[in-house]
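Enquirer: This is the structure, below, for whatever I ask next.
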Amino acid sequence: MSDSKNRVISKIAIVKLSAMGDVIHAMVALQYIRKQYPNVQIDWIVESAFAAVLEHNPHINNIYKVNLKQIKKDKLSIFKQIKLIKEYSYNKYDLVIDAQGLFKSAMVSKLLKAPIAGFDKYSTREKIASSFYTDKISIAYDANTIDRNAKVMSTALGFEISRDNILNKEPFLFYQDENKTLDEYLCAEKKNILFVVGASWSSKIYSKEKFAKIANSMNENCLIVWGSAEEKEMAEFIASNSCAKVLPKLDLNALKAVISKADLVIGNDTGPTHMAWALNVPSITLFGNTPGYRNTYLTDINKVIESDTEVNPCKLDRNDFSITQIEEEKIIEAAKSLLNG
């Protein structure tokens, strides 16, 4: 195939390292790249902690892991990571697409020793990253992050992914051999509602007391997922004060499986909640100090409820806990509408 720069391309590498939600938002482009170029080799470079999000995806040929987060704990591990990335360069890519737009992702892209497409300096937070790119693509930094990912990848390859394409996407998370014991937690007589109670920042987390009230008001089969000791403690509090049940610790494969079987996911602005959108499962995402318009796609089945905070996407306030002020009645009303719709 040939891209917009008239290169002949048979192998591409996508660099999107983290975090879970960001990787998911970028993955939507894969099905359209594969439709446009069915024979191109598509590899993905990702932080090892999030590699399982990409696993079993038929549109990806190879998933290559890095562990740049380890460098913060062990400075000398940078040499091991550089050596590893240089080994990936032996694949001799025709094009690398940096869909992250950070200095670290630009450095990874550079080490792959191929032409690089990425955001121009006006389109990314770390402007220095754009100096590494051969092809520089423009889209507003405060634009929807899903649109941004689709734009940088499709433009680099000489075609367009439209909003209508994204609204009519096929589910794009895949799992295999899920834990069948999880089926014991699902209910055929009631709707299965999944609560995602954690997030990367404490100020992005909705009130555990209000989650309990939602569970009691819905009178459905409410299940709680968790990923850390702190989140498990929250989950157990909700369960002890409501009819909700705490799921066992799930790996990412099992998490994808259980979300795919839910009737509704209610959660904070975090990776597992965004999985629902990726799987075409109804969802309500709660936003406080992050912008709903930028971090998700509104659809007939995927809704957002935001606090009254005016959010500047260029300057997020981690000390803004306004998410806890969202009235649970709003969430209950939206949930009933989605379940009865």
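The values are calculated or read from the model by the stated rules, or taken from the named source; none is laboratory data. None of these values were measured; they are calculated from a predicted model. Virtual Cβ from ideal backbone geometry, glycine too; neighbours counted across all protein chains shown.
Enquirer: Please verify whether A117 is outside any strand (DSSP E or B) and either without any contact (Cβ under 8 Å) to a residue 24 or more places away in the chain or not acidic (D, E) (or both), treating the condition exactly as stated.
Expert: no
Okay, residues lined up against (1) assigned to a helix (DSSP H, G or I); (2) under 14 Å from V196 (Cβ atoms); (3) among the small types (G, A, S); (4) within 14 Å of the chain's Cα centre (by Cα):
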residue: M275; (1), (2), (3), (4): yes, yes, no, yes
residue: V281; (1), (2), (3), (4): no, yes, no, no
residue: I284; (1), (2), (3), (4): no, yes, no, no
residue: Y297; (1), (2), (3), (4): no, no, no, yes
residue: K303; (1), (2), (3), (4): no, no, no, no
residue: N312; (1), (2), (3), (4): no, no, no, no
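Enquirer: If I ask for residues that are touching a helix residue (DSSP H, G or I) at 6+ places or on another chain (Cβ under 7 Å), aliphatic (A, V, I, L, M) and closer than 28 Å to V8 by Cβ, which ones from segment 36-53 would you list?
Expert: Scanning segment 36-53 gives I42, I45, V46.
Enquirer: Report whether or not L95 is closer than 21 Å to N149 by Cα, in the same structural domain as D135 (by TED's automatic domain parsing) and among the aliphatic types (A, V, I, L, M).
Expert: For L95, the condition - closer than 21 Å to N149 by Cα, in the same structural domain as D135 (by TED's automatic domain parsing) and among the aliphatic types (A, V, I, L, M) - is met.
Enquirer: I'd like to check something: does segment 209-216 contain any residue that is surrounded by 15 or more Cβ atoms within 10 Å (Cβ to Cβ), at pLDDT 95 or above, closer than 27 Å to L17 by Cβ and not aromatic (F, W, Y)?
Expert: no
Enquirer: If you don't mind, another one. Given the residues V311, V265, which is the only one that is aliphatic (A, V, I, L, M) and closer than 22 Å to W226 by Cα?
Expert: When all the criteria are applied, what remains is V265.
Enquirer: Would it be correct to say that K92 is basic (K, R), surrounded by fewer than 19 Cβ atoms within 10 Å (Cβ to Cβ), in contact with a strand residue (DSSP E or B) (Cβ under 8 Å, 6 or more places away or on another chain) and at pLDDT below 95?
Expert: No.
Enquirer: Which one is farthest from the chain's Cα centre (by Cα) among residues in segment 178-208 that are surrounded by fewer than 17 Cβ atoms within 10 Å (Cβ to Cβ) and among the small types (G, A, S)?
Expert: That would be A188.
This table checks each residue for (1) assigned by TED's automatic domain parsing to the domain that holds S228; (2) at pLDDT below 95; (3) of a type in the set (S, T, N, Q).
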residue: F159; (1), (2), (3): no, no, no
residue: F172; (1), (2), (3): no, no, no
residue: Y185; (1), (2), (3): yes, no, no
residue: E189; (1), (2), (3): yes, no, no
residue: L194; (1), (2), (3): yes, no, no
residue: V197; (1), (2), (3): yes, no, no
residue: S202; (1), (2), (3): yes, no, yes
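Enquirer: Select from segment 126-162 the residues that are among the polar types (S, T, N, Q), assigned to a loop (DSSP other than H, G, I, E, B), out of contact with any strand residue (DSSP E or B) (no Cβ under 9 Å at 6 or more places or on another chain) and without any contact (Cβ under 8 Å) to a residue 40 or more places away in the chain and list them in ascending order.
Expert: Residue satisfying the conditions is S162 alone.
Enquirer: Please indicate, with yes or no, whether at least one residue in segment 22-32 is surrounded by fewer than 15 Cβ atoms within 10 Å (Cβ to Cβ) and outside any strand (DSSP E or B).
Expert: No, segment 22-32 has no match at all.
Enquirer: Please work out which residue is surrounded by the fewest Cβ atoms within 10 Å (Cβ to Cβ), limiting yourself to segment 282-341 and to residues that are of a type in the set (D, E) and under 25 Å from A143 (Cβ atoms).
Expert: Ranking the qualifying residues of segment 282-341, first place goes to E310.
Enquirer: Can you work out which of the residues in segment 69-89 that are of a type outside the set (S, T, Y) and touching a residue at least 12 places away in the same chain (Cβ under 8 Å) is surrounded by the fewest Cβ atoms within 10 Å (Cβ to Cβ)?
Expert: Applying the filter and picking the extreme gives K86.
Enquirer: Which of the following residues is crowded, with 19+ Cβ neighbours inside 10 Å, of a type in the set (A, V, I, L, M) and out of contact with any Ser or Thr (no Cβ under 8 Å at 6 or more places or on another chain): I266, I238?
Expert: Result of the check over I266, I238: I238.
Enquirer: Report every pair of residues separated by at least 6 positions or lying on different chains whose Cβ atoms are under 7 Å apart, first residue within segment 100-114 and more than 21 Å from K151 (Cα to Cα) and at pLDDT 95 or above, second assigned to a helix (DSSP H, G or I) and of a type in the set (K, R).
Expert: Here the result reads L111/K86, each pair linking segment 100-114 to a residue that is assigned to a helix (DSSP H, G or I) and of a type in the set (K, R).
Condition check ((1) surrounded by fewer than 19 Cβ atoms within 10 Å (Cβ to Cβ); (2) assigned to a loop (DSSP other than H, G, I, E, B)) across all residues:
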position: I97; (1), (2): no, no
position: T124; (1), (2): no, yes
position: D164; (1), (2): yes, no
position: P171; (1), (2): yes, yes
position: Q176; (1), (2): yes, yes
